[in-house]
Amino acid sequence: MEVGRNDLCPCGSGKKYKKCCLKKDNVIEIQELKEEKFYKQKNMLVEKIRDFLMSYLPPSEFYPLEAKFKKRTNHVFGSDDSGFFQFWLHFFYRYDNGLRGIEWFLAEQEEQLNEDEKEMAKRWSQLQPKLLQAIDYTENNVIFKDYYSEKTYPMPEIEENIPTLLPWISSFGLIEELDGNYYFNGVRGFVGPDDLKNAVKFIDSIHKESDQNREQIMVDYYPEILASLYQQDQMGDQTRKMSFYHYEFEMIDPARAENTLYNDEDFEIEEWTPSRKKLVWFSDLKRYIDNEIDGEIYVMNVHANVTMEGNLLTFTSYDLRKVNEFLRKSQKLGTETRLLEDEEEQFEVPKDIITEQKFIKTNKQLSEDVVITIQHRAQLSLDEPIPRYNGNSLRQLAENDQEFADEYLKHAEFQAYKLALEQFGKIEVTPDFNTPRRELGLPLSSFITGGAKRESELESVSLTEQRETVVLEEDIPLYESLGITATTIDAFYTKDIISFYQQKTAGKAKATERKYRNSLNDIREIIERHPITSWNDCNLPFWEELLGRDIFELYHYVSKALVKDLVTTLKALIKWLAKENKISNVKKILDLIKQYEPRMLKVVQLIQLEMSYGYIHNSLNIDNMVKLQTINDNTIEQIQKGIFQIIKINKKSVRVRNLSTKEEITITLKEESIRYVEEDMVLTAYIGLRKASNTWKNIELVSVSLV
C-alpha cells in the first residue's frame, strides 16, 4: 500500500510521512541514482580504456604480458585471473613509452572524452593503491583504514562495492571519492587480516632492501603483492576438512550395553528412561553467562553422543579418534553387535579455528548460529599455547607484543564469522571477542554484537559425582577370573582392566583370552603389592620394577611364553590407557618395555640353564634340590645362600658383590650361561665352595632380577 505525503509515517514516529521518512527516502533514492550513474560511467570508461589498449597490443605482445603476469602472481588465480590482469594493464604496467595504461589513454584520448569522462579519467590517473582494512561500520557505510597512512575512508555497503561484510575484511586496490564516500575502482578481492599482514611483510621487505617509497612499491609490485594476499589460500593452508560420523548398531544384548555404558565414567547421563537412554561423552563442564544471550546455559567438551532405544544404539561424533575408540568400546556392549549404518559427512573449516565440539545445555531454545557463537567463545582460551606463536599463549602474547595478540583475535573473529555465515547464512549474535580483548587490555572490536557493552563469562562447575559400579550377575565370573573381589571392585584399575580385557578378547580364541587373562592377573597382583592409588602413580620406576624384578618374584620360574605374553599385553594396555587419557609418558614407558624385553628373555635363558629341571617343574623343593646337588658333587665343602650383584663378566665366571656382606667373590657358571648375564644383574642363589680350587660355583639359581 502506497503511503501518502500527509499520512502518518509507517516508522511509528507519529509524524506525517512528508516530515519524517519521506526526506530520508528521497535522500536514499537520490544517492542510489547517483551511484547507478557513477557505475554506468565507470563501466563505459573502462571499456574505452580496454579498447584503446587492445588496439595497440597485438597478440604477439598481449599473450607474453599475460604469461608474465601469471608468473609474477605465482599462478595463484589459476585461469581465473583475467580481471586482475586487465586491471594491471590499465593502472600499473608501464609500457615502452614509460606510461601506465590510464596515463597513455588520457594522453591520446583526452580530447575525445566528454567532460565527465575526462574528469573521471584524470582522477583515475592520480589514484594510488592502498592496503585497506575494515575497522568499523555505520548504518550505511563500512569504515576502512589505510594500513600505512592510517587515514579512514567511509565506503557504502552496497553489492557493487562490498558484497559481504566480514569483521576486519581487508583489500588491496584503488578507491575513488563520490560525495564524501569512497568506492573501489576496478577489480579487487577481499581477504582476511592474516592475508593483509602477508602483503605488509612483502612491501616492507622491498622497502627495507631498496629504500623505495611504499606508494611506488605498491604500483611496481602489484602482481607480487596480489600473490602475497592469495598465496596461502591457493596452497590450501587456510582450511582443512572436518568430518561428522554417524553410526547405528543393533545390540544383541541391550541390557549389557546399558549396564556397560552406565558404569563408564566417560559418559554423562542426559536421559535414562525405560524406553530411551541418552548419554554424552564429555569433559570440562562450565556455566556460560552472556549479556546478549538469555537463559541458563551450560557448556561442556563433547567427544560424542550416544542414544539407546530398544535394541538400537546411535553414535555420532566429529572426532575420528573417539569413533575408533567407541568402535572398540562397542565390542563389549554385548555378545555380538551388528553395524547397521555407517556414514561420514565432510565439510571445510578454517585451519586455525579450534573445532573441538562443545555441547550446549540450556533451558531456552537457541538457533544454530547462536549455538556456534557460544561454542566459539568457549573454545577461546587465553592460556593455551599457540603453535604459530612459538607456543606462547594469547595472554603471553598480549604481555609481550599486543600487536600479535590483536592480530590473532582479528583473525579468529574473521574466521568465526565467515564460518557461521557460510553454514547458516545469518549471524543473530556474533561470538564475543570483546571480553577477552578487555581482559588482555586490547582495543575492542566494533563488529561484536553489543559492542563495548558485550560481556560473557565461563564459570567452572563441578562434575556429577561418580556413580557406583553395577555388575550384572552373569559377569561375576569374569571379575573373579581377573582376580577382582568385592573389596577391589572400585579400585582405580578395575574398570580399566575389565574394559581392556573385554575389548581385547571379544570374539577371540581361547588362547588369546588366556594370554590376556593371565597377564592382567599378574599386572593386577603386582599393582596391589605397591602403595599406588591411580595410574598416575605408575611412573617409570614402577614399570621398571614390574619388568625387571616383580614378575620374576611372582613366580619361581618364568618362561619365554610368559614374558612374551606379558610384554604384548602390557604394551597394549599402556596404549589403551593413553587413548583413555589415563596415563602419561606413554612413549617413555613403551621404550622401557622395548628395552627390557630382550633382557627379560636373557633372564629366562639363564634360569633355564642354571636352575635344576626338577625345581623348574616344582617336583622338588629348593632345599631338597640343593642337598641332591651337593650329594652328587663331593668336591663342594661349603654351601652359602645369598643375593649377588654382578660387577664383572669373565669368560666362564662372573665377579659379584654379596649385597649383604659387601664381599666380592667369583662364581663360575655353565659355559653357555655366560652369554645371558649382564652387569648389575642380581642373582639370588645357593653357591658352593670347591675344596681343591677354593672357588665358588653356582649350585642352584633361585631367582634373577634386573633392578
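Using C-alpha pairs under 8 Å with a sequence gap of at least 6, the mean separation divided by the residue count of the chain gives a relative contact order of 8 percent.
Mind checking the angle between helix 586-610 and the chain's longest principal axis? C-alpha axes, 0 to 90 degrees, to the nearest 10. Approximately 20 degrees, to the nearest 10. For the range 435-561, the relative contact order works out to 16 percent when only alpha carbon pairs closer than 8 Å and six or more residues apart are counted. Heavy-atom accessible surface of the chain, averaged per residue, reaches 51 Å², computed with a 1.4 Å probe. Amide H contacts for ILE699 (H built 1.01 Å from N in the peptide plane; partners 5 or more residues away or on another chain; cut-off under 5 Å): TYR686, ILE687, GLY688.
Per-residue Karplus couplings for the range 316-322, computed as 6.51 cos²θ - 1.76 cosθ + 1.60 with θ equal to phi - 60°, are listed in order as 9, 6, 9, 10, 4, 4, 6 Hz, Gly and Pro entered as x. To the nearest 10, the accessible area of THR469 is 30 Å² with a 1.4 Å probe. For the chain, adding -39500 (n - 2.57) for each run of n ≥ 4 DSSP H residues and dividing by the number of residues yields -13000 deg cm²/dmol at 222 nm.
Does anyone have the angle between helix 510-528 and the longest principal axis of the chain? Alpha-carbon axes, 0 to 90°, nearest 10? Approximately 90 degrees, to the nearest 10. For the range 39-102, the list of chymotrypsin sites (Phe, Trp or Tyr not before Pro) that fall in a loop by DSSP and count at most 16 other C-beta atoms within 10 angstrom reads TYR95. Placing +1 on the Cβ of every Lys and Arg and -1 on the Cβ of every Asp and Glu, with no other charges, gives the chain a dipole of roughly 2960 debye about its Cα centre.
For the range 399-448, GluC sites (Glu not before Pro) meeting the loop criterion (DSSP other than H, G, I, E, B) and having at most 16 other Cβ atoms within 10 Å: GLU428.
Only Cα pairs under 8 Å and 6+ residues apart enter the sum, and on that basis the relative contact order of the range 667-707 stands at 45 percent.
Accessible-area rank, largest first, for GLU265, GLU248: GLU265, GLU248, with all protein chains present and a 1.4 angstrom probe. Against the main long axis of the alpha-carbon atoms of the chain, helix 193-210 sits at an angle near 80°. Between LEU131 and TYR147, TYR148, the built amide H atoms are under 5 Å apart, and every one of these is 5 or more places off in sequence or on another chain.
Taking the accessible area of the chain, probe 1.4 Å, and keeping the other protein chains in place, the carbon and sulfur fraction comes to 47%.
The values are calculated or read from the model by the stated rules, or taken from the named source; none is laboratory data. Since the model is a prediction, treat every value here as computed from it, not as a measurement. As a convention, Cβ positions derive from the backbone with ideal geometry for all residues, glycine included, and neighbour counts pool all protein chains shown. The area values use the complete protein model at the heavy-atom level, side chains included, leaving out ligands, DNA and RNA. Shrake-Rupley method; radii C 1.70, N 1.55, O 1.52, S 1.80 Å.
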